[in-house]
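All remarks here apply to the structure that follows.
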Amino acid sequence: MSWEFWIDRGGTFTDCIGFAPNGTFHVAKVLSSETAPVAAIRAVLDRAEGLPEGAPLPPCRVKLGTTVATNALLERRGVPTLLVANRGLGDVVEIGTQERPDLFDLDIRKPPPVYRQVIEVAGRVGVDGARLEALDLEAAREALEAARRAGIASVAIVSIHAYAHPEDEESLLALARECGFEHAVASHQVARELGLLARAETTCVDAYLTPLLRRHVAALEAALPGSQLRFMQSSGGLTPGERFRGPTALLSGPAGGVVGAARVAASAGFERAVGFDMGGTSTDVSLIEGGDLQRSFETLVGGVRVRAPMLRIHTVAAGGGSLCRFDGIRFCVGPESAGAEPGPLCYGDRRARELALTDVNFFLGRVQPDRFPFPLEMAPVERALAAQARELHAAGHPRDPEAIAAGYVEVANASMAEAIRQVSVARGVDPRDCALVGFGGAGGQHVCAIARGLGMGDVLLHRFAGILSAYGIGVADTSWDGQRDAGRVALPEGASPLPEAVGLALDELEREGRVALEQEGAGEARTEHRLDLRYVGTETPLAVRAPEDGDFAAAFARDHEARFGYTRPGRPIEIVTARVRVFARSSAPPLPAAAGRSAPTPLREARVWFPGLGRQV
């Protein structure tokens, strides 16, 4: 056996679990950067085997979650992208849904589109595939060549009705490749289902981000020659680098945390749990029911609507690096973050100027300096709190430094508790019926107070809680996801066979997924079928997993009752989309056995602040 590494590259820290050929495991945590995954591997090998500095890394197996795509989308740092659309439809993405992002905001600022330029091409087919307008390939070639000369690197091709009739898109795709673009993608390749706007936005995201991911994969392959690389997708499954694309990479790291939390809850015997992942930049929460990972198939990320399977994760800007400020009226925690550089004041970087949540936890004794991956400094934290105390006193709100620090902790806890309500109460689940799985580098500092505030009686902290996203990435399945538009045909009642076209679509998708995993050597493939169903006349479908008895109608009624609180007996149900997930179970090395349930022997005593109790030993 060679070494195996499970890595989560987060916004502040990159976590790494390494398994040696002799079965021992090793952990490393380094500050995030472009080269952090390789640095983490090198740190493990140096500690375990004394790898000389600058020596080449041996071939190994690497499973990796990364924030490359997420950060590039949020910061609009993708490659220059061209949108190719039907004549008259070039502004569909810009117009969007006209939904107000904030209902009462008088100064609406829409996120900028990810594409730089749009060209409209004559040529159109109807919903039935009939030719309505001839495709003008000569004019398209001229426009594509001009865009390439202007520095456009990537092309997104979107034609109306291409989910059912992709011929025009295929012709334009071949033409774009002839023109020498770095990357070209058509909408029927990434989201073959009804919904022009969401399909267009998803295609633009693919064109905008996939070239960056390919460069990232190529850099890792160059730094790790001979190694086998697998990347975490937003759906909670692993994939090789050639299938790792922008729309499926946006929740790469957080998805690993959900998988890890589900494993922890299942091993402890809990059917329902809430994952609570508090890192350096943000906190991600997720609901786990019956061991099932809750997925969404259309998600708004960075102001862009993306059609791709993603785990349902609610994120709030409250992490260890979140800046703590008094705005003259109230205490605020986040959304701005100190990041990895310069980091919180206690990191000792002289460029740091503002107090962060890690600083106040350090001041309150909730971060023990000798348990941190590098030395911490208390003096700059004390100076910052003293300065805020003087500011509050001058404003007529006298508070001592400890009360200020405790106030910031309470504000952060309230924000994170509300996030948990959003994934539980808002979906008809009582959080008191769930265990709270705490993890992430900062999770242990807040998880008990949040559980107490929500009335949750069980808190689970895994031995790898500080690096549980890396653990989840390591134990995740290898997976492939596909979908086809089902044409809004009627769903038969009871366990009657599905309409022929829907059955054929499911079979075709399953064959395609099995071939993909077989070519990757992923092991025995399993499948999961779902249908997007809705009552006729309604807009929002529910993705219903194929029931064992084959009665989709009854399964839909149960899911609709649980989600919305009612059903419509006698109302016809229509099939919107057919979905297939093909996956192979992980062959991850076994972790060391748990130490048992006996109370551990205390190793030390320290004075720590607790809510309502002050500092206690």
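The values are calculated or read from the model by the stated rules, or taken from the named source; none is laboratory data. The shown structure was predicted, so the numbers you read here are calculated from the model rather than taken from an experiment. Cβ sites come from the backbone with ideal geometry, for glycine too, and all protein chains shown count toward neighbours. Please note that ligands, DNA and RNA were not included when accessible areas were found on the heavy atoms of the full protein model with its side chains. Shrake-Rupley method; radii C 1.70, N 1.55, O 1.52, S 1.80 Å.
Just a few scattered comments:
- Distance from the Cα centroid of segment 224-283 to that of segment 423-471 is 17 Å (rounded to whole angstrom).
- Sulfur and carbon atoms: percent of accessible area, the chain [1.4 Å]: 51 percent
- Calculated over segment 21-103, the projected area of the Cα convex hull averaged across directions stands at 10.6 nm².
- The candidates 421, 87, arranged from most to least accessible area with a 1.4 Å probe in the full protein assembly, appear as 87, 421.
- Reported to the nearest whole Å, the Cα centre-to-centre distance from segment 46-75 to segment 175-196 is 31.
- Estimated Rh, segment 475-596: Kirkwood, alpha-carbon pairs, angstrom: 16.0 Å
- Per-selection metrics, segment 70-228 (Cα): Rg and Dmax in Å: 16.9, 56
- Highest average first, the peptides 545-555, 3-13 ordered by how many other beta carbon atoms sit within 10 Å of their residues are 3-13, 545-555.
- Treating each Cα of segment 242-320 as one equal point scatterer and applying the Debye formula with no solvent, the log10 of I(q)/I(0) at q = 0.17 Å⁻¹ comes out as -0.69.
- Sequence-separation-based contact order of the chain, relative, with Cα cut under 8 Å and 6+ spacing, percent: 12 percent
- Cα gyration tensor, segment 98-173 - rounded (a/c under 1.5), prolate or oblate: oblate
- Accessible area of residue 137 in the full protein assembly, 1.4 Å probe (Å², nearest 10): 70 Å²
- P(r) histogram, all alpha-carbon pairs of segment 312-396 included - 5 Å bins from 0, percent: 3, 15, 24, 24, 18, 10, 5, 2, 0
- Dividing the Cα radius of gyration of segment 383-455 by 2.2 N^0.38 Å, with N the residue count, gives 1.42.
- Under the Karplus curve 6.51 cos²θ - 1.76 cosθ + 1.60, θ = phi - 60°, whole-Hz ³J(HN,Hα) for segment 490-500, x wherever Gly or Pro sits: 6, 7, x, 7, x, 9, 5, x, 5, x, 4
- Over segment 166-319: Rg over Rh, Cα atoms, Kirkwood Rh: 1.03
- Within segment 454-575: Cβ-based charge dipole about Cα centre, in debye rounded to nearest 20 (Lys, Arg +1; Asp, Glu -1): 460 debye
- Other residues within the sphere of radius under 11 Å centred on the Cβ of residue 475, judged by their own Cβ, net out at +2 (K and R +1, D and E -1).
- If the convex hull is drawn through the Cα atoms of segment 455-536, its volume per residue in Å³: 202 Å³
- In this structure the amide hydrogen of residue 544, modeled in the peptide plane, comes within under 5 Å of the amide hydrogens of 531, 532, 533, none closer than 5 places in sequence on its chain.
- For the set 25, 104, the ranking by accessible area, highest first and with no ligand, DNA or RNA atoms included, is 104, 25 under a 1.4 Å probe.
- In this rough spin-label picture, where each label sits 7 Å from Cα along the Cβ direction, the residue 267-residue 414 distance is 3.7 nm.
- Sites residue 430 and residue 489, calculated FRET efficiency, Cβ-Cβ separation with R0 45 Å, nearest 0.05: 0.75
- The relative contact order of segment 274-330, computed from alpha carbon pairs under 8 Å that lie at least 6 residues apart in sequence, is 38 percent.
- Ranked packing of 500-509, 237-246, most packed first, by mean Cβ within 10 Å: 237-246, 500-509
- Look at the dipole of the chain built from charges on Cβ: of 535, 140, 126, the Cα furthest out on the positive end belongs to 535.
- Kirkwood hydrodynamic radius computed over the chain comes to 26.2 Å, based on all pairs of distinct alpha carbons.
- Over 11 Å [Cα-Cα, segment 282-328], rounded percent: 75 percent
- Heavy-atom accessible area per residue - segment 1-107, 1.4 Å, Å²: 48 Å²
- With all protein chains modelled, accessible area of residue 326 [1.4 Å, Å²]: 30 Å²
- Between residue 527 and residue 34, the modelled label-to-label distance comes to 4.3 nm, taking each label 7 Å out from Cα in the direction of the beta carbon.
- Accessible surface computed residue by residue for segment 151-286, with neighbouring protein chains in place and a 1.4 Å probe, gives 27 Å² per residue.
- On the principal axes of its alpha-carbon atoms, segment 213-282 has extents of 42, 26, 21 Å, going from largest to smallest.
- Overall form of segment 350-426 per C-alpha gyration tensor (a/c, 1.5; a/b vs b/c): oblate
- Across every pair of non-identical alpha carbons in segment 513-573, the mean reciprocal distance, once inverted, gives a Kirkwood radius of 13.5 Å.
- Ranked packing of 442-450, 251-259, 48-56, most packed first, by mean Cβ within 10 Å: 251-259, 442-450, 48-56
- Mean projected area of the Cα convex hull of segment 296-362, taken over all directions, amounts to 6.3 nm².
- Per-residue ³J(HN,Hα) for segment 463-468, Karplus 6.51 cos²θ - 1.76 cosθ + 1.60, θ = phi - 60°, Hz, x for Gly and Pro: 4, 9, 4, x, 9, 5
- Taking amide hydrogens as placed 1.01 Å from N in the peptide plane, the amide H of residue 236 sits under 5 Å from those of 311, each at least 5 positions away in sequence or on another chain.
- Nearest-10 value in Å² for the accessible area of residue 314, using the 1.4 Å probe: 60 Å²
- Between residue 271 and any residue 5 or more places off or on another chain, the built amide H atoms are never under 5 Å apart.
- Of 95, 152, the order by accessible heavy-atom surface (1.4 Å probe, DNA, RNA and ligands excluded), from most exposed downward, is 95, 152.
- Along segment 177-185 the Karplus relation, 6.51 cos²θ - 1.76 cosθ + 1.60 evaluated at θ = phi - 60°, assigns HN-Hα couplings of 5, 4, 7, x, 5, 4, 8, 9, 9 Hz to successive residues, with x for each Gly and Pro.
- Calculated Rg and Dmax of segment 135-224 using C-alpha coordinates, Å: 14.1, 46
- Percent RCO, i.e. relative contact order, over segment 147-269, from Cα pairs under 8 Å lying at least 6 residues apart: 19 percent
- Per-selection metrics, segment 441-490 (Cα): Rg and Dmax in Å: 18.9, 52
- Here r is the Cβ-Cβ distance between residue 382 and residue 2 and R0 is 45 Å; the resulting FRET efficiency, rounded to 0.05, is 0.40.
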